[in-house]
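Just so you know, all these numbers are worked out from the coordinates, no wet-lab data involved. Predicted model, so just to flag it, every value in this text is computed and none were measured. All Cβ positions, even for glycine, are placed from backbone atoms using ideal geometry, and neighbour counts span all protein chains on display.
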Amino acid sequence: MAGVQGGTGRNSWHGPRWAACLAVAVACVTAWAPSVAGAQAVTEFNVPTDASRPAGITVGPDGAIWFTEENGNNIGRLGLDGSIAEYPIPTPFSTPVEIAAGPDGALWFTEFGAAPLPKVGRITTAGVVTHEYELPQGSGPEGITAGPDGALWFTENGANRIGRITVEGVVTESDPIGGFRPGDITPGPDGRLWFTESEANKIGAITTAGMTVTEYNTPGADPSGIAASGGALWFTQHASDSIARIPTFGLPITEFPVPAGTGPSGIVLGPDGALWFTEQKLGRIGRMTTTGRVTEFPLPDPNSEPSGIVAGPDGAMWFTEEKGNKIGRIEAGSPVAPPTVAPPRLDLSSSTKAGNSAKAKKRCRVPRLRGLAVRKAKRKLKRAGCRYTLRGRGRVVSTRPKAGKRTRAAVRVRARPGR
């Protein structure tokens, strides 16, 4: 996944959060005042299939940008020359979520909504889907990455496990983790795989030998994306509007606040040594140095919902725009304005739905939806006055924000087929 959120959000964040930070061995760091660079640094490429919701993104062994289309049921390929190809997934309505380059020269992707059983798929750089390996019922595969042991590792959002699949298709699963809803996953510099647990507010790490899991608390943070840099892991905290750092030996966690209301999501290390992340709620790309200095790049459409992000082979950052239905590119070395004073806070109550309605967006309270059939969940959302986006089909397994929270943004609903 606009105007700028300024210092008011950061100042209000520091008061009550300091006590929580000390209580759970989290160090809170005051970030530099953010600077905003011009949108001219961004280039966008339209995805041919309408409303396809491009989500996961990676660099393929062929040097091209590969991405998933959650609603389009395709795997997309974007050449550095701007040429786009789409390859249909054989299983209909499979809801491909994340994608990663494998050690075998192919691309591997998760099929969250595949029925009757969820799957992990494999596609060659020629665009041929060679295999779709079935997983246990209800596993809900989401994040996926190549591990240091020559296998692919993935999160099972529905079964609360971490999975491993060899390039021959042999699947192994961990015991259920202590938390729940594992999402993004990445290899760490310590040889373990690190992952986020959004609804449990935890960061987890799993060994390649024995699948031993260790978990660390991040209260109220809703961790989303995760990436390695140096001897640490960096992750976005969607609920607390911050970027956090955890060393491979565990606590303390250090938090760097970003402007309020941004909803940071995907994150990756850039070729310039900085952390680049997507600001899903305000339609921006963020850049943060390891000392917490933040620069933001507004996208042409503030409602585009940038999501996944990756460092390209051309020295640029590439990202998906779920609602904008585009793939974006921004130079990692783009010139930025020096930080001065915190920009004014955006009054979201006066914003409008782009190209849809002139009515101001109102806050809604997210209803309790988990376990409900999608049709019934939609009715409850409409009665609550909530806008929403839906991933998957069957029964609701999670919402973002969580039930009971008030939000002006669209509620992100995730579903999977029932048993």
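Each of the peptides 106-116, 46-56, 189-199 was scored by the mean count of other Cβ atoms within 10 Å over its residues; in descending order, highest first, they stand as 106-116, 189-199, 46-56.
Using only the Cα atoms of region 132-216, each taken as one equal point scatterer with no solvent, compute I(q) by the Debye sum, divide by I(0), and report log10 of the ratio at q = 0.14, 0.18, 0.24 Å⁻¹. Computed log10 I(q)/I(0) values: -0.38, -0.65, -1.19. Annotation: the residues Leu269, Leu275, sorted from fewest to most other C-beta atoms within 10 Å of their own C-beta, follow the order Leu269, Leu275.
From the residues Ala85, Gly292, Asn160, which one has its Cα farthest along the dipole of region 7-331 in the positive direction, the dipole being from +1 and -1 charges on Cβ of Lys/Arg and Asp/Glu about the Cα centre? Going by the charge dipole, the pick is Gly292. Here the simple spin-label model places points 7 Å from the Cα toward Cβ, and for Arg363 and Thr166 these points are separated by 5.4 nm. Fully extending the segment from Phe93 to Arg383 would add 101.7 nm, taking 0.36 nm per residue of separation and subtracting the current Cα-Cα distance.
For the pair Leu251 and Arg393 in one chain, pulling the backbone fully straight at 0.36 nm per residue adds 47.3 nm over the alpha carbon distance. Averaging the Cα positions of each part gives two centres, and for region 378-419 and region 57-126 these lie 25 Å apart.
Based on Cα atoms of region 7-331, Rg over Rh with Rh as the Kirkwood radius reads 0.95.
Remark: for residue pairs Lys119/Lys382; Lys326/Lys382; Lys376/Lys402; Lys202/Lys362; Lys202/Lys326; Lys326/Lys376, the C-alpha separation exceeds 29 Å in Lys119/Lys382; Lys202/Lys362; Lys202/Lys326; Lys326/Lys376.
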